[in-house]
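Below you'll find the structure, written out as structure tokens, and then a few comments.
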Amino acid sequence: MSSSRSIVVSVVAMMVAIIAGTVGFMFSEQLSFFDALWLTVVTILTVGYGDTVPQTFYGKLFALIIIPVGISIVTYATGAVVSMMMEGEFSKTVRRRKMKKKIEMMANHIIVCGFGRVGEQVVRELVKNGTPVVVIERKTDWLEEMDDPIPYVEGDATEDDVLIAAGIERAAGLIAALPSDADNVFIALTAKGINRDIQVVARAERPESEEKLRRAGADKVINPSFLSGRRMAMTILKPVTVDYVDTIFHDRTGQYAIEEVKIEPHSSFVHTSVGDQAVRTRFRVTIIAIQRQDDIIGNPTPDERFCAGDIVIVFGEKRALEAFEQAVNKK
């Protein structure tokens, strides 16, 4: 029987015992309702003030019956409460230890600082894409109540030891999603101070904070208010285009996606053109752009040749994208 159910049973049993005791003492001792209730409670709880005691033979006999019954119920209820408290604390301790060990084993993961309105959406998107993630949050109630708990560290993300506990030295990226621009600036500075190679994406609430975040070390700065306002305007001006973009980025079935595929030096695609590989015909994917060092080649022509180190941005069905990535990585 679970602890919560044991408590319910003990409360019901206690109420039954009190009602039965009150009625019994009213008839056996000829007491008023309140006096009988008082005598029942002090008898069941074994308080024994001595101000009201059974006087008749039947009253004393009834007390001999109700005392052991009451003690049993009180003992059972106390045990159920203690068990529930111990189980809750024990399970939390065990869960946190397991989570700590899991975080210590993680590498190339993403650290999300803040699990608020923006941070929660970031985490859900990362989890949906199968990316390992660790959350840093001061208030962890929501995280503890989740059916599939996300690894988290409780604390202030601006502190070095908290970031280290989240595995920042082994992390591939960090997202500073706190509502305070000042906190995000401090997180970016601290993160880059511990791990120079980490990719930092920061949230900015005010436009004037964007440059400060970049100077603090943020590789990318996102202003949610600006993006939301622009998207609302585009929804009015170009609803079909927005719906199509939603199909790409918010497809619930997971059928379509945009992927980045890197051309390694050993790839058979090196020095061949888009037309040579017949990407659209063979793989049924569309090359949106090619990033070559600091340049972006948008909508590349069939004559565009692939070079080692290129990052090809492609759109299509997930199965087709997987087939394209395998072909690119094939020697």
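The values are calculated or read from the model by the stated rules, or taken from the named source; none is laboratory data. Just so it is clear, the model here is predicted, and its values are computed rather than measured. Heads up, the Cβs are rebuilt from the backbone with ideal geometry, glycines too, and the neighbour counts pull from every protein chain shown. Note: accessible area is taken over every heavy atom of the protein model, side chains too, but ligands, DNA and RNA are not part of it. Shrake-Rupley method; radii C 1.70, N 1.55, O 1.52, S 1.80 Å.
Applying the Karplus relation 6.51 cos²θ - 1.76 cosθ + 1.60 with θ = phi - 60° to segment 306-322 yields 3J(HN,Hα) values of 7, 10, 4, x, 4, 10, 8, 9, 10, 10, x, 5, 4, 4, 5, 5, 5 Hz, where x marks Gly and Pro. Computed 3J(HN,Hα) for segment 157-171, one whole-Hz value per residue from the Karplus formula 6.51 cos²θ - 1.76 cosθ + 1.60 where θ = phi - 60°, is 5, 7, 8, 4, 5, 5, 5, 5, 5, 7, x, 5, 5, 10, 7, glycine and proline marked x.
Restricting to DSSP H runs of at least four residues, report the calculated mean residue ellipticity at 222 nm for the chain, -39500 (n - 2.57) per run over all residues, nearest 500 deg cm²/dmol.
Values: 13 runs with 178 residues, N = 331.
Counting only the DSSP helices, I get -17500 deg cm²/dmol.
If you run the Gaussian network model on the chain, springs between alpha carbon atoms under 10 Å, then out of 143, 126, 64 the most flexible one is 64. For the chain, the share of accessible area belonging to carbon and sulfur comes to 58 percent (1.4 Å probe, ligands and nucleic acids excluded). Taking amide H atoms as placed 1.01 Å from N in the peptide plane, the amide H of residue 262 lies under 5 Å from those of 312, each 5 or more residues away in sequence or on another chain. Placing a label point 7 Å from the Cα of residue 242 along the Cα-to-Cβ line, the residues of segment 200-236 whose backbone N sits under 11 Å from it are 228-236. When you count the other C-beta atoms within 10 angstrom of each residue and take the mean per peptide, 205-211, 261-267 line up highest first as 261-267, 205-211.
Taking only Cα atoms, what is the 0 to 90° angle, nearest 10, from helix 33-44's long axis to the longest principal axis of the chain? For helix 33-44, the angle is close to 70 degrees.
Send over a whole-number figure in Å² for the accessible area per residue of segment 252-329, probe 1.4 Å.
62
Could you calculate, for the chain, the ratio of the Cα radius of gyration to the Kirkwood radius, expressed as Rg to Rh? List each step's numbers first, then the result.
Numbers: Rg = 33.1 Å, Rh = 25.8 Å.
Rg divided by Rh gives 1.28.
Counting only lysines at least 8 places from residue 102 when in the same chain, those with an alpha carbon closer than 17 Å to its own are 92. Rg/Rh, computed from the Cα trace of segment 3-87 with Rh as the Kirkwood radius, has the value 1.05.
Model label sites at residue 234 and residue 121, defined 7 Å from Cα along the beta-carbon direction, differ in position by 1.3 nm. Go ahead and run the numbers for FRET between residue 219 and residue 82, Cβ-Cβ distance against an R0 of 51 Å, rounding to 0.05. The calculated FRET efficiency here is 0.45. Checked against a 20 Å cut-off, the cross-linked pairs 192/262; 238/318; 262/330; 192/212 give Cα-Cα distances beyond that limit for 192/262; 238/318.
Put simply, the amide H of residue 199, placed in the peptide plane, has neighbours under 5 Å in 173, 174, leaving out anything fewer than 5 places away on its chain.
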